[in-house]
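The values are calculated or read from the model by the stated rules, or taken from the named source; none is laboratory data. Quick caveat, the model's predicted, so the values are computed rather than measured. For neighbour counting, all protein chains shown are included, and Cβ atoms are generated from backbone atoms with ideal geometry for every residue, glycine included. Only protein heavy atoms, including side chains, enter the accessible area calculation; ligands, DNA and RNA are left aside. Shrake-Rupley method; radii C 1.70, N 1.55, O 1.52, S 1.80 Å.
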Amino acid sequence: MTVTKNSILILDFGSQVTQLIARRVREAGVYCEISPFNQALEAFERMQPAALIFSGGPASVVEDGSPRAPQEIVESGLPILAICYGQQTLCTQLGGAVEGGHHREFGNADIEIHKQSPLFDGIWEVGKKYTVWMSHGDRVTRLPEGFEVVATSPNAPCAIAVDEERKLYTTMFHPEVVHTPDGAKLLANFVHGIAKIEGDWTMAAYREQAIAIIREQVGDKKVICGLSGGVDSSVAALLIHEAIGDQLTCILVDHGLMRMNEAEEVVSMFREHYNIPLVHVDASDMFIGALEGEADPEVKRKTIGKLFIDVFEEEANKLGGADFLAQGTLYPDVIESVSFTGGPSVTIKSHHNVGGLPERMNMGLVEPLRELFKDEVRLLGQELGLPEWFVGRHPFPGPGLAIRCPGGISREKLDILRQADAIYLDEIRKAGLYDEIWQAFAVLLPVQTVGVMGDGRTYEFVCALRAVTSVDGMTADFYPYDMKFLGRAATRIINEVRGINRVVYDVTSKPPGTIEWE
């Protein structure tokens, strides 16, 4: 679904932070999509974008077979911003030269501005130095005809090189990351000042256009929507219900992997407050039976995805059939799974929502959130009138507690984990920290340790607590609790949950796509 003609196409050359480019562009109020470089021409013809951005990537331009942009895109005449690897391939494809073997530059670096450019108009001044984030080994050694250098760093003689006449702008550094303090402003300058795109992409506009597209896609046919208990599927259900009313039936599959009292809360909200047709299915025996003893997280995900489909198919038959299955698939879900469909990025994980449906189901997919990031879904939820307490809930994955219970799964371990998780979240709320944290949860590690409780010896599980800060769910850093809070939470868990005798806190930061514990 292309929301507006005033859009930007981002060519992905495999950078793990390509998603952040999209976030910055959308923060500027402009719709954009990411396409793998080897699928970009199709996306270009479909979207008819107003401008293009080339991402970074792990490959070396000097190697045979390294990624290139479609030449039709390079020569399209549209404004282009090319970042890091994107700079190198754009310059190469336009007749410049790139060499490897020079001093590498990773991390903070200072660039010096030698000439003014619309790219950093109102941000940086000529003759001054500014901190940016570099990540490169190769460098451009000969610029294409028409380009000039406007900024340098000690190890990047073409830190910023531009062809103002053709509106081609290149940076050796990454403006999309927070380590480049003025990077978001630079991207906004490209979007608004150079590409002349107005920042008119809003959730209100998305809502109206999404409703129109759903109505066109569905017509007078029936849709079933799988509710997981989380924000994503709930927002998708409300949006679809607004579009087609009682043609939609929601199915809440309680797979035995949900948080404490979660199924009851969802049933109450949808039936009593929104009057949306809802079928509540207790399929916990089926799911836990299929997962019991399974340790591989990918197998867990795929097993859960398959069983979800089986249950939906059975329930749809009971309802007299359905023509469409609705899912709360988000853009990060699609991005994380992109290499399964031939994209350049390293696969982070498969996603239970991505990959289509079995042919036997003969159902179409309705995925109205497929182009939104997590924080955008929250905004859409607010636009649709979901209560703040629900919109602000921490993300909960479709596979539920299955991926927060590393190693083999059993009912006993799930019950232990569910209790520990509920206590942990209760302590977070009591401390007034819930809204400061993007996601917090307990993990039951596949480790048992000897402990002493009172005068007795115990041999029980270790519980790990995780809390991260994030904006879009693509990258995360651990939340810096004080030790008094951790002490209170750990003491309650050990005292109140039989089966846990030790609690640890995870203080690792996470790169894109790996916020969950697997």
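The HN-Hα couplings worked out from phi for region 436-443 by the Karplus form 6.51 cos²θ - 1.76 cosθ + 1.60 (θ = phi - 60°) are 7, 10, 6, 7, 9, 6, 9, 10 Hz, whole numbers, x standing for Gly and Pro.
Is region 133-196 rounded, prolate or oblate when judged by the Cα gyration tensor, a ≥ b ≥ c being the square roots of its eigenvalues, rounded requiring a/c under 1.5 and prolate requiring a/b larger than b/c? It comes out oblate by the Cα gyration axes.
When both bridge partners sit in the chain, DSSP labels roughly 50% of those beta bridges antiparallel. Dipole check for the chain: with +1 at the C-beta of Lys and Arg, -1 at the C-beta of Asp and Glu, and the Cα centre as origin, the magnitude is about 760 Debye. Label-to-label distance, GLN71 versus GLU148, with points set 7 angstrom from Cα along the beta-carbon direction: 2.9 nm. Close amide-amide hydrogen proximity is noted between CYS84 and THR171, MET172, PHE173, each under 5 Å apart and 5 or more residues distant or on a separate chain (H modeled in the peptide plane; Pro and chain starts excluded). For the chain, adding -39500 (n - 2.57) for each run of n ≥ 4 DSSP H residues and dividing by the number of residues yields -9000 deg cm²/dmol at 222 nm.
Candidates ILE8, VAL223, ALA440 compared by Cα position along the dipole of the chain: farthest toward the positive end lies ALA440, with charges placed on Cβ. Could you run the Karplus curve 6.51 cos²θ - 1.76 cosθ + 1.60 with θ = phi - 60° over region 112-119 and give me ³J(HN,Hα) per residue in whole Hz, x for Gly and Pro? These are the phi-based 3J(HN,Hα) values: 10, 8, 9, 8, 6, 8, x, 5 Hz. The candidates PHE396, PHE173, arranged from most to least accessible area with a 1.4 Å probe in the full protein assembly, appear as PHE396, PHE173. Computed in the context of the full set of protein chains, the accessible area of the chain at 1.4 Å probe radius has 49% of its extent on carbon or sulfur.
The modelled label-to-label distance between LYS221 and ASN362, using points 7 Å beyond Cα along the C-beta direction, is 1.1 nm. Using the 1.4 Å probe convention, the accessible area of the chain works out to 41 Å² per residue with neighbouring protein chains retained.
The 1.4 Å probe gives accessible areas that order LEU278, LEU444, largest first, as LEU278, LEU444. Each residue was assigned an accessible area with a 1.4 Å probe, and for ARG24 the value is about 40 Å².
Using the Cβ-Cβ distance between GLU292 and LYS318 with R0 set to 25 Å, the FRET efficiency works out to roughly 0.40. Which of ILE197, GLY122, ALA212 sits farthest toward the positive end of the charge dipole of region 116-215, with +1 on the Cβ of Lys and Arg and -1 on the Cβ of Asp and Glu? About the Cα centre, the residue reaching furthest to the positive side is ALA212. Across region 426-507, C-alpha contacts under 8 Å between residues 6 or more apart give a mean separation that, scaled by the residue count, equals a relative contact order of 31 percent. For VAL17, no residue whose modelled amide H falls within less than 5 Å of its own remains once neighbours fewer than 5 places apart on the same chain are excluded.
The Cα atoms of the chain cover 73, 64, 41 Å along the three principal axes, with the biggest extent listed first. Using the membrane-span-like helix rule (whole DSSP H runs, Cα extent along the own axis of at least 24 Å, mean Kyte-Doolittle hydropathy at least -1.0), which helices of the chain qualify? Going by DSSP H runs, the hits are 297-318, 411-430. Partners of LYS306 within straight-line reach, counting lysines whose Cα lies under 26 Å from its Cα and excluding those fewer than 8 residues away in the same chain: LYS221, LYS222, LYS318, LYS349, LYS374, LYS413.
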